[in-house]
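Reading through the structure tokens given below for one structure.
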Amino acid sequence: MILALGLNLVIGYVGLLDLGFMAFYALGAYTTALLSARGWGFWPAVLAAVSVSVAVRLILGAPVLRLRGDYLAIVTLGFGEITRVILNNWDSLTNGPKGLSLLSAVDLKPVGVLGLTLTTNNDFYYLILGFVFLAVFLSLQLEHSRIGRAWVAIREDEVAAELMGIPVTRLKMLAFALSAAFAGVAGAVFARWENFVTPESFTFWESAFLVSMVVLGGMGSVPGVLLGVVIVVGVPELLRDLLQNPRLVSCRYLFFGIALVVVAIFRPQGLLPSRRRQMELES
């Protein structure tokens, strides 16, 4: 949910198709894993993960935000794959395809929140839930702010927005940076929850799933994005339990894919679209 809400800032609010968002999730996770193995505490590592993700995002955004549509999507896809390949081959830093394990780290400090040490899955569940609430709050505040309205103007007509005095490039960079901050936080929590990171967790298909969550639920709609996450993550697991035949179980993603196509054809605004987005599509 944190990742999908971050991606929604770019796709839903500004209308920029990003197919390499998992790269910044990976940067946050690997930054946290590397620093935690060297004795850094959880919260300083989170701040470092966010800083690295945002810095790389800004470096990438400076040249590529001049592109639009499919060209921007291709560049972000390529960057996502380049990041995964680097993580997979930089053995001296990332341990390559074997991944980084924190279970044997000598200087590893426990994750603590308000004096409580988090050890179990339930503990991390509440930590993640807290970050989700924070991400929802920030998304709603941005949506109803002057920045959010400017993003929508850029999404609808970039040329008209620029002629009206909106600093298009600067606001695009802001959306890029804020979305990377969401990804950095999510990657940091993932690294300390699993205590293991590997390049195989950050593939293009994960980015594609994120995009489908945002599109299915409703681009630009915070409740819609959360619903899209529940459906994309939960429905295949429910089908696995409901379909008793082993052959049908292996086809559950086929059924799910057909459902996505049907929704895309008959409800392109998403299952729970924002009022503004629905009016735009209906007009």
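The values are calculated or read from the model by the stated rules, or taken from the named source; none is laboratory data. Note that the structure is predicted; figures quoted are calculated from it, not measured. Reconstructed Cβ throughout: ideal geometry from the backbone, glycine too, with neighbour counts over all protein chains shown. Keep in mind that these areas ignore ligands, DNA and RNA; they rest on the heavy atoms of the full protein, side chains included. Shrake-Rupley method; radii C 1.70, N 1.55, O 1.52, S 1.80 Å.
Just for the range 190-201: of the residues that are open to solvent by 10 Å² or more (accessible area, probe 1.4 Å), of a type outside the set (D, E, K, R) and closer than 25 Å to Phe79 by Cα, which one is modelled with the highest pLDDT? Filtering the range 190-201 for residues that are open to solvent by 10 Å² or more (accessible area, probe 1.4 Å), of a type outside the set (D, E, K, R) and closer than 25 Å to Phe79 by Cα, the one modelled with the highest pLDDT comes out as Phe190. Of the residues making up the range 144-156, those that are open to solvent by 30 Å² or more (accessible area, probe 1.4 Å) and touching a residue at least 24 places away in the same chain (Cβ under 8 Å) are Ile147, Arg155, Glu156.
Rundown of residues vs (1) surrounded by fewer than 21 Cβ atoms within 10 Å (Cβ to Cβ); (2) modelled with pLDDT of 90 or more; (3) over 21 Å from Pro199 (Cβ atoms), yes/no style:
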| site | (1), (2), (3) |
| --- | --- |
| Ala4 | no, yes, yes |
| Asn8 | no, yes, yes |
| Leu17 | yes, no, yes |
| Met22 | no, yes, no |
| Ala48 | yes, yes, no |
| Val56 | yes, yes, no |
| Asn88 | yes, yes, no |
| Val106 | yes, no, yes |
| Lys109 | yes, no, yes |
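Within the range 71-83, residues that are within 13 Å of Met22 (Cα to Cα) have Cβ atoms under 7 Å from residues that are surrounded by fewer than 17 Cβ atoms within 10 Å (Cβ to Cβ) in these pairs: Leu77/Phe204; Gly80/Phe204; Glu81/Phe204, counting only partners at least 6 apart in sequence or on another chain. Restricting attention to the range 59-75 and to residues that are in contact with a helix residue (DSSP H, G or I) (Cβ under 7 Å, 6 or more places away or on another chain) and not small (Gly, Ala, Ser), the residue that is surrounded by the fewest Cβ atoms within 10 Å (Cβ to Cβ) turns out to be Leu67.
Could you say which residue among Leu72, Leu67 is at pLDDT below 90, of a type in the set (A, V, I, L, M) and either on the phi > 0 side of the Ramachandran plot or in a helix (DSSP H, G or I) (or both)? Quick ask: steps written out before the conclusion?
Working: Leu67 fails: either on the phi > 0 side of the Ramachandran plot or in a helix (DSSP H, G or I) (or both).
The conditions single out Leu72.
Considered as a group, the residues in the range 157-176 that are touching a residue at least 40 places away in the same chain (Cβ under 8 Å) and under 11 Å from Val10 (Cα atoms) include one that is surrounded by the fewest Cβ atoms within 10 Å (Cβ to Cβ), and that residue is Met173.
Let's see how each residue does on (1) at pLDDT 70 or above; (2) closer than 24 Å to Leu5 by Cβ; (3) not acidic (Asp, Glu):
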| residue | (1), (2), (3) |
| --- | --- |
| Leu243 | yes, no, yes |
| Phe255 | yes, no, yes |
| Leu260 | yes, yes, yes |
| Leu271 | yes, yes, yes |
| Glu280 | no, yes, no |
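The residue that is nearest to Leu34 (Cα to Cα), among those in the range 111-127 that are surrounded by fewer than 16 Cβ atoms within 10 Å (Cβ to Cβ) and among the hydrophobic types (A, V, I, L, M, F, W, C), is Val113. Scanning the range 116-170 for residues that are touching a strand residue (DSSP E or B) at 6+ places or on another chain (Cβ under 9 Å) and either aliphatic (A, V, I, L, M) or part of a helix (DSSP H, G or I) (or both) yields Leu118, Asp123, Phe124, Tyr126, Leu127, Gly130. All of Ala23, Ala33, Ala29 fail the test of being out of contact with any strand residue (DSSP E or B) (no Cβ under 6 Å at 6 or more places or on another chain), small (Gly, Ala, Ser) and in a helix (DSSP H, G or I), apart from Ala23.
Residues that are within 16 Å of the chain's Cα centre (by Cα): find the helices (runs of 4 or more DSSP H) completely inside the range 192-268 holding 2 or more of those.
Fully inside the range 192-268 and qualifying: 204-217, 222-242.
One residue stands out among those in the range 1-52 that are over 19 Å from Ile82 (Cβ atoms) and of a type in the set (Val, Ile, Thr): the one that is nearest to the chain's Cα centre (by Cα), which is Ile2.
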